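Each remark here refers to the structure printed beneath this line.
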Amino acid sequence: QSALTQPASVSGPPGQSITISCTGTSSDVGNTDLVSWYQQHPGKAPKVMIYEVNKRPSGVSDRFSGSKSDNTASLTISGLQAEDEADYYCCSFASGITYVFGSGTRVTVL
Amino acid sequence: QVQVVQSGAEVKKPGASLKVSCKASGSTFTNNYIHWVRQAPGQGLEWMGIIYPSGDGTSSAPNFQGRVTMTKDMSTSTAYLELYSLRSDDTAVYFCVSESPATGSLQYWGQGTLVVVSS
């Protein structure tokens, strides 16, 4: 069970939109709608930003959106803000009642 | 407000065993799946395993099978993670996470427990 593949880093100026990809296989991302995204600031516990591919929990800004195509899920942050600078992880349900996280992406606001 | 509170930091010798506890408030514990996730220093999140709401079933990541035990004490609303035959690369922050029954996501995170494995 290998980690899902994410770009190591993505950056953009304030106000821009960025997209983070999360590539898995037909045994995980491609075979489930239980794909979620987590934001983690340094020294803090992660926070769920997107669940079930494209749903936002209460209280999460609508600047965050999710999608999926085949074995790749994506997280888009629109109108990038300074507080969005953090690490982001995707997570997918996988075979045999297991889960797998992505490798993580550092988002930098220029 | 849901709270998940974990036990404190520990230092272990290679070959020893580890037991981390996680106390969650009320219905969070009895009705929810509890996940264990760890994060080595400067590294990403690693899913370790899950224990079912009633505590009668578990599933763990292939990397940990045979080396991990997850349990729940329903009388004290406390979940436990035990990891055996510790190695230096088990040094990490271990998180207990309560899954939201409404969203199926890892919603309620504990503060994390730092475990250092060193001779």
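Using a cut-off of 15 Å between beta-carbons, work out the net charge of the residues near A:H41 (Lys and Arg +1, Asp and Glu -1, A:H41 not included).
So the surrounding residues net to -1.
Measuring from the lowest to the highest alpha carbon on each principal axis, how far does the protein assembly as shown reach, largest first, in angstroms?
Here the Cα extents, ordered largest to smallest, are 48, 38, 36 Å.
Dipole of chain A, Cα-centred, from +1 at each Lys and Arg C-beta and -1 at each Asp and Glu C-beta, to the nearest 20 debye? Don't skip to the answer; put the middle values down first.
On the way: 7 positive and 9 negative charges, 23 e Å.
So the magnitude is around 120 debye.
Mind giving me the nanometre distance, one decimal, between the label points for B:K13 and A:K55, set 7 Å out from Cα along Cα→Cβ?
Those two pseudo-labels are separated by 5.0 nm.
Once you keep just the Cα pairs under 8 angstrom separated by 6 or more residues, what percentage relative contact order results for region A:56-108?
Details: 55 pairs, mean separation 12.9, N = 53.
Worked out over region A:56-108, it gives 24 percent.
May I ask you to sort A:H41, B:H35 by Cβ crowding, counting other Cβ atoms within 10 Å and putting the fewest first?
Ordered from fewest to most neighbouring Cβ atoms within 10 Å, A:H41, B:H35 come out as A:H41, B:H35.
Evaluate E = 1/(1 + (r/R0)^6) for B:Q43 and B:S75, where r is the Cβ-Cβ distance and R0 equals 30 Å; express this FRET efficiency to the nearest 0.05.
0.25
Below 14 angstrom from the Cβ of A:S11, what's the summed charge of the other residues (Lys, Arg +1; Asp, Glu -1)?
-2
Below 10 angstrom from the Cβ of B:T103, what's the summed charge of the other residues (Lys, Arg +1; Asp, Glu -1)?
Surrounding charge for B:T103 is 0.
Evaluate the distance, in nm, between pseudo-label points positioned 7 Å from the Cα of B:S85 and of A:S69 along their respective Cα→Cβ axes.
Calculated label separation equals 4.4 nm.
What is the order of B:M48, B:M74, fewest Cβ neighbours within 10 Å to most?
Details: B:M48 23, B:M74 12.
Arranged by neighbour count, lowest to highest, B:M48, B:M74 become B:M74, B:M48.
Bear in mind these aren't lab numbers, they're just calculated from the coordinates by the rules spelled out. Predicted model, so just to flag it, every value in this text is computed and none were measured. Note that we place each Cβ from the backbone using ideal geometry, even for glycine, and neighbour counts take in every protein chain shown.
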